[in-house]
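The values are calculated or read from the model by the stated rules, or taken from the named source; none is laboratory data. Fair warning: this is a prediction, and the values are worked out from it, not measured in the lab. For neighbour counting, all protein chains shown are included, and Cβ atoms are generated from backbone atoms with ideal geometry for every residue, glycine included.
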Amino acid sequence: MNTPTTTTEPAALSHQSCDVLVIGGGPAGSTAAALLARQGRQVVLLEKAHHPRFHIGESLLPANVALFDKLGLRDELERIGMPKWGVEFVSPDHDHVQMVEFADAWDKSMPYAWQVRRSEMDEILFRNATTQGARTIEGCRVRDVRFDDEGATVQATLDDGAPCNWRARFVIDASGRDTFLSNKFKAKQKNPKHNSSALFGHFTNAERLPGKLEGNITIFWFAHGWFWYIPLADGTTSVGAVCWPHYLKSRSKPLKDFFADTIAMCPQLAVRLSQAALVGDAVYATGNYSYTSTHCSGERYLMLGDAFTFVDPVFSSGVYLAMHSAFEGAEVVATALDRPAQAGPARQRFERYMRKGPREFSWFIFRVTNPTIREFFMYPQNPFRVKEALLSLLAGDIYGKTPIWRSLRVLKALYYLVSAGHPRRTWEAWRRRRSNIRDLGPLAGENIVEAQ
């Protein structure tokens with residue numbers, strides 16, 4: 001195994017070589033770097049920021065637990081995480097709330113996950129890559145990657161402006177929403193079927209559910225989209241509004257006040273925050289974040305996780321898809337380096353794999369504000385095991401052998417039948433969504449995080 005090192009000395013970085021260079025030290029990049037270093041490869045992992053660094057996306061899926069087990073990090077997640085046993089749904093059109101638990105999914109062996117502070121979790125994964133033998137460098141931003149027949153030349157700069165260059169046999173882009181290679185190849189595309197923005201902040205003294213339910217995520221629907229409500233182990237609660245871009249563009253006041261007005265539109269949420277205080281008076285906004293790429297692989301590179309595509313955070317799938325793509329991607333890299341004759345078919349399988357997860361989640365994501373789907377969530381029934389199958393999907397159990405797909409097809413058929421039975425409601429919902437996803441041009445703060 002390589003000796004773990006972390007360095008930012010310019011003299012040591014001027015002209016280096018490695019087997020694999022990984023761009024981005026988030027969940028995908030750190031996982032891929034750790035797995036490839038375990039194989040005895042020379043791995044360099046570059047992160048533009050310094051851990052711990054802020055990142056949104058605190059809710060994990062039960063299927064993620066097995067990945068932490070494989071990395072040997074489950075105890076670390078138990079230490080920092082708030083157990084999450086299920087999901088609470090709150091609708092403005094219903095007098096009751098609905099709670100579902102992952103233990104009722106098809107596979108009963110994945111009953112919980114965690115809510116985590118991403119700054120803590122991401123640092124655990126990054127330090128683990130170092131422990132496994134990867135050379136991890138923080139404060140190092142990649143500026144350019146040039147590919148040739150033998151590999152790639154990677155040009156980067158440190159925080160102080162010092163240049164550093166590598167020759168790599170293979171490059172992994174795990175740059176998240178920076179989508180480094182996708183932008184370089186002009187492969188990034190706005191998702192034509194979805195278009196959302198988000199406002200979010202963290203609160204202290206927010207009301208929580210009792211006992212075991214305390215860590216459950218709550219989804220609140222409201223007029224312009226939906227809210228997440230994620231309790232964290234340190235006593236804070238992450239609250240965010242996912243809304244249509246035209247609503248965010250209507251802002252005519254400071255972001256903090258606009259966020260407060262948005263919360264007031266959801267009375268059930270406002271009650272839970274009535275005694276709460278916004279941490280640091282900080283509210284963040286991000287716009288037009290739904291995108292995909294034309295491809296996720298090339299002869300000497302892969303794009304993992306959000307560097308390839310991202311749809312919506314409603315089902316908390318981002319971290320799981322990113323880490324799972326790292327496990328799959330590490331095998332593709334090994335094939336490309338050790339058995340190049342088999343690399344083409346391996347990449348083709350990887351392309352199909354990378355589209356599977358977003359595709360399966362997207363059918364429900366595109367309809368999560370539809371009144372028919374809302375009824376399904378608020379009154380879950382289990383004919384043909386459709387409830388168990390849906391809970392399995394929500395748990396992230398989409399890559400294993402759990403036979404959920406026939407039941408999910410039945411659920412979709414029921415959706416279309418119920419929609420046909422309410423033609424006016426269905427027409428109005430379709431027309432509203434078509435209007436909401438129209439492209440209004442760039443928002444202030446598009447593809448960045450704005451704090452105020």
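Summary of values
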quantity	calculated
Where Q381 falls short, out of the listed (1) part of a helix (DSSP H, G or I); (2) in the same structural domain as R433 (by TED's automatic domain parsing); (3) surrounded by fewer than 20 Cβ atoms within 10 Å (Cβ to Cβ)	(1)
Residue in the range 37-59 that is assigned to a helix (DSSP H, G or I), of a type outside the set (V, I, T) and either free of Cβ contacts under 8 Å to residues at least 24 places away in the same chain or not assigned by TED's automatic domain parsing to the domain that holds I219 (or both) present	yes
Of all residues in the range 60-70 being under 19 Å from the mean Cα position of the chain (by Cα) and in a helix (DSSP H, G or I), the one that is nearest to I398 (Cα to Cα)	A63
Residue within the range 311-322 that is under 15 Å from the mean Cα position of the chain (by Cα), modelled with pLDDT under 95, assigned to a strand (DSSP E or B) and over 20 Å from M121 (Cα atoms) present	no
First in the range 118-141 and touching a residue at least 40 places away in the same chain (Cβ under 8 Å) and more than 15 Å from I80 (Cα to Cα), second anywhere and in a loop (DSSP other than H, G, I, E, B) and of a type in the set (D, E, K, R), Cβ under 6 Å, 6 or more apart	G139/D159; R141/K48
Residue tally, condition within 18 Å of G24 (Cβ to Cβ) and either modelled with pLDDT under 95 or in contact with a Ser or Thr (Cβ under 6 Å, 6 or more places away or on another chain) (or both), over the range 323-349	2
Single residue of the range 266-293 satisfying the filter (within 19 Å of the chain's Cα centre (by Cα) and outside any strand (DSSP E or B)) that is surrounded by the most Cβ atoms within 10 Å (Cβ to Cβ)	Y289
Tally of residues being surrounded by fewer than 17 Cβ atoms within 10 Å (Cβ to Cβ), modelled with pLDDT under 95 and assigned to a loop (DSSP other than H, G, I, E, B) across the range 175-216	2
Qualifying residue in the range 289-302 (condition: at positive phi and either touching a residue at least 60 places away in the same chain (Cβ under 8 Å) or of a type in the set (S, T, Y) (or both))	no
Failed item in (1) part of a loop (DSSP other than H, G, I, E, B); (2) touching a residue at least 24 places away in the same chain (Cβ under 8 Å); (3) over 18 Å from T292 (Cα atoms), with R251 passing the rest	(2)
Residue check, L13 farther than 19 Å from M121 by Cβ, surrounded by 19 or more Cβ atoms within 10 Å (Cβ to Cβ), modelled with pLDDT of 90 or more and not acidic (D, E)	no
Qualifying residue in the range 86-103 (condition: in a loop (DSSP other than H, G, I, E, B) and not assigned by TED's automatic domain parsing to the domain that holds L199)	no
Q155 vs. criteria within 28 Å of G225 (Cβ to Cβ) and either in contact with a strand residue (DSSP E or B) (Cβ under 8 Å, 6 or more places away or on another chain) or surrounded by 19 or more Cβ atoms within 10 Å (Cβ to Cβ) (or both)	no
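Yes or no, residue by residue, for (1) outside the structural domain of A336 (by TED's automatic domain parsing); (2) at pLDDT 95 or above:
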| position | (1), (2) |
| --- | --- |
| I263 | yes, yes |
| P267 | yes, yes |
| Q275 | yes, yes |
| L278 | yes, yes |
| D281 | yes, no |
| A285 | yes, no |
| S297 | no, yes |
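Condition check ((1) of a type in the set (F, W, Y); (2) over 30 Å from G25 (Cβ atoms); (3) at pLDDT 95 or above) across all residues:
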| site | (1), (2), (3) |
| --- | --- |
| G86 | no, yes, yes |
| V90 | no, yes, yes |
| D93 | no, yes, no |
| Q98 | no, yes, yes |
| W106 | yes, yes, yes |
| A113 | no, no, yes |
| R117 | no, no, yes |
| D122 | no, no, yes |
| L125 | no, no, yes |
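Listed here are the residues, each with its yes/no results for (1) part of a strand (DSSP E or B); (2) not assigned by TED's automatic domain parsing to the domain that holds F220; (3) not small (G, A, S).
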{"site": "A129", "(1), (2), (3)": "no, yes, no"}
{"site": "G133", "(1), (2), (3)": "no, yes, no"}
{"site": "D160", "(1), (2), (3)": "no, yes, yes"}
{"site": "C164", "(1), (2), (3)": "yes, yes, yes"}
